[in-house]
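As structure tokens, the structure follows; a few thoughts come after it.
The values are calculated or read from the model by the stated rules, or taken from the named source; none is laboratory data. For clarity, every value in this text was computed on a predicted model and none was experimentally measured. Neighbour counts run over all protein chains shown; Cβ positions are idealised from the backbone, glycine included. Ligands, DNA and RNA are stripped out before the accessible areas are found, and what is left, the full protein with its side chains, is counted by its heavy atoms. Shrake-Rupley method; radii C 1.70, N 1.55, O 1.52, S 1.80 Å.
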Amino acid sequence: MKILLPLMAMACAASSSSVTATSDSDKSVEHVVHMLKDILRTQNSLKSSIALPHEGNGYTARLGEMEDGGIISASVAVGGSGGLRRGLKGSSPSCSLGIATHFGWGNWFETIATLDTPVFRVKSDSELKTIVKKSAKKGCRVRPMGTTHSADGLIIQRTDEDVVVVSLADYTTTREDWADGIDTETGLARFRAGMLFYEAVAISRPHGFVFRERSAIPLFTIGGVVANMVHGGSKSGGFVHSDVTKLLVMKSNGKVVEVEGDELQFWRSSAGQLGIILAAEFQLVSEENGGLVMSRENTGPYLAPGTTPSPSDIQQLVVTVTTAIFGTIAAKDHCQFFYDWYANTLNAYTSDFSGEPFDGEEPLHSQYQAAADGYLAEYGGNNADFTGGLQSRLPVDDLCLLICEEGTGPLFPTGLPCVEIESTLVPGTLLCEVPVEVGAVFSQFAVETLNAQFDGRKSTVNDGFVVDSSLVVKTAIVFFPSRALPQVFGAWWAANAQVVGWASGQLPNPPFQFAPTGPLEMRFINPAETAVMNPIPTFEEWKEEFDSDVGVPGAFDLFFPPSPGIPDGLFAYEVVVLDGINDGDANKYLAFMEGVFKNVPTNPQAPYGPNAVDPSTNIVQKCDVSSNVFPCAPISGGGFAGVPGFDCCNPPIPVRNVHLGKGWAMEWILRRHPSLLIPSHFKIRIPSQAYFHLEARQVLLMISMTRLTNSMLMSLQAELSFVGYALTLERAGLNLAS
């Protein structure tokens, strides 16, 4: 870590004082966090009194008889459409199918919204079939929506003129054998695709069954999760769709079929390219041999508050934190971690099956049922399976109106004017005007909110999900092999030290002015190859690719030697910032962090540039054994070298900056498949949904092209020649007639 340590030490003084220095207790960071939690609680309590679009309040209309006698309901999708933040080309009038009376779709993050895209809420197989067939006849593309949580592009692109959006929130299949329910003997549960996970929990939890893989929050639809790469934090698994054992789907000709066995690998994470998922069967986990136990542990601080750490202090921080993370993973079944950079605390949220076996008797059955019903009513009501629910969005337009003494300012009904809070870091300045203190406030607020929501679920429904609801955030996401955790965590910590140094004026020439406003989220997963269109490889695939790139057999184990007792798998890192705070520089920060993750050297002790051992040679990123550029190896007396007289290589940590539902990047596709003809504007690296300029479905198509062949598509008999649902594969050069 030597290359990173001086930079970390330079910025640390500014960061640590922002969370440890206090004046009066009522003017501390802790006070501000408490006040923010009160605001959020007040906001959540209003949910049940706010009318969102649903049948009966004028937003849903009967649109008349269709060709097959079905009735189609269309409704405007208001989730996240607080304003047209991103314009798109107008929808073709023909795609209203001559029956739509309501238009407009927006995602929950408010990064994209349309005014004229027809949106239908279908209720039956016949209605959906009619929409699909009419869309095909008019050259329109049908795309189902979930709870609008996907990032830009999966539903609507900026060039789309022929899209029909379909919600399955009200849909129920006519297949009686696919009714919602669970077989308590086998643990196989069937859920309709438009159902929220809140609803699925209400069905399964009272019988002592839980999902093996769980996202952080259950406010997503079953179909949306299966068709995406949503993951949990399990050391024995990975993506939620891996636990799907059977699907009920509608293909582009309107035919409803079951998908099982080998065909499932094509439909998982397919984002609608092969058909519309109507319902899914999951293998759930029983508590008959041990009850689910949710627990959390908050440890730290890992640096002495109020001091400037030495390089050895930082090195010890990295060792201690990564050791703690691996130890928790080894001891628990499912883990999710958050690290607060300002407080230097590690917050672990875990579950395992070490509790008393579930016997199905009262009062536990009633407790789970009542709790699940309560969560469903509070967070799943108000049309949430259509809109994604009300966003928990703090009013951050003017932080100095938000960060006031408790009970004062326009956010409170007391009528008292805002009593401002002074900075403890910059004398004569308000706390709300100091980015580092604002960042510390919101990072601590995020952790305390996580603690409260986790404890609430633990004591009630006890289903393993971490939180009930979420603030609206922006993210940069990266996946990497678990053995690289020390290097990547150290690079993240150092990069944030540099960013805080810029924000506090301790470092010169800042490219942007932003202090992180949220903790780092970390999850360990160990996915199997269950979805050919999932862009995240398995651990073994990652090893093989790294060895191939370096050109040396066993290179991965050379750079990342295994450690006894530490499991192999992948880490998913998510850099989280609160939406609405200095958005322009927040986007630059996320772009900066993506660049950091892409350039972490496998050996931090071997910095790039002239080699101190032989200044006529260099330490470079790219290995090329054909030119005698071999991996750098330690030599006696210190330093690193390869073949005498030649450069040696220190390749970057292999990472994937891609998530079908949250963030995108293209480098890995270009690196693995340079023959792909990708327009120049696709080569722009985008850090988050807020900076998204790629056409997401075309990116997904290119991912698919790298893993699907014509013969695979034909074996599925997907009948995509007119593609009533997805992007035309013929447009990409795939000949389905061959």
For the range 522-590, give the magnitude of the charge dipole about the Cα centre (Cβ charges: +1 Lys/Arg, -1 Asp/Glu; no others), in debye to the nearest 20. 200
With label points built 7 Å along Cα→Cβ from the Cα atoms of Asp183 and Glu288, find their separation and express it in nm. 1.3
What is the mean projected area of the alpha carbon convex hull for the range 284-425, to one decimal in square nanometres? 14.4
Calculate the FRET efficiency for Ile635 and Gln513 from the Cβ-Cβ distance with a Förster distance of 51 Å, rounded to the nearest 0.05. 0.75
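Rounding to the nearest 20 debye, state how big the charge dipole of the range 272-351 is about its Cα centre with +1 on each Lys and Arg Cβ and -1 on each Asp and Glu Cβ.
220
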Other residues with Cβ under 11 Å from the Cβ of Phe480 give, with Lys and Arg +1 and Asp and Glu -1, a net charge of +3
Mind ranking Tyr379, Tyr302, Tyr198 by accessible surface for me, highest first, 1.4 Å probe? Tyr302, Tyr379, Tyr198
Tell me, how many Å apart are the Cα centres for the range 257-293 and for the range 553-610? 31
What is the calculated FRET efficiency for Asp455 to Asp359, with r their C-beta to C-beta distance and R₀ = 25 Å, to the nearest 0.05? 0.50
Total formal charge among the other residues, if their Cβ is under 13 angstrom from that of Pro511, Lys/Arg +1 and Asp/Glu -1: 0
Here, Gln369 and Asp262, labelled 7 Å along Cα→Cβ, have an inter-label distance in nm of 4.5
Which of Lys123/Lys251; Lys246/Lys543; Lys134/Lys255 have a Cα-Cα distance over 22 Å? Lys246/Lys543
Size of charge dipole - the range 384-477 - debye, nearest 20, with Cβ of Lys, Arg +1 and Asp, Glu -1, no other charges: 340
Over the range 366-517, what is the mean sequence separation of C-alpha contacts under 8 Å (at least six apart), divided by residue count, expressed as relative contact order in percent? 21
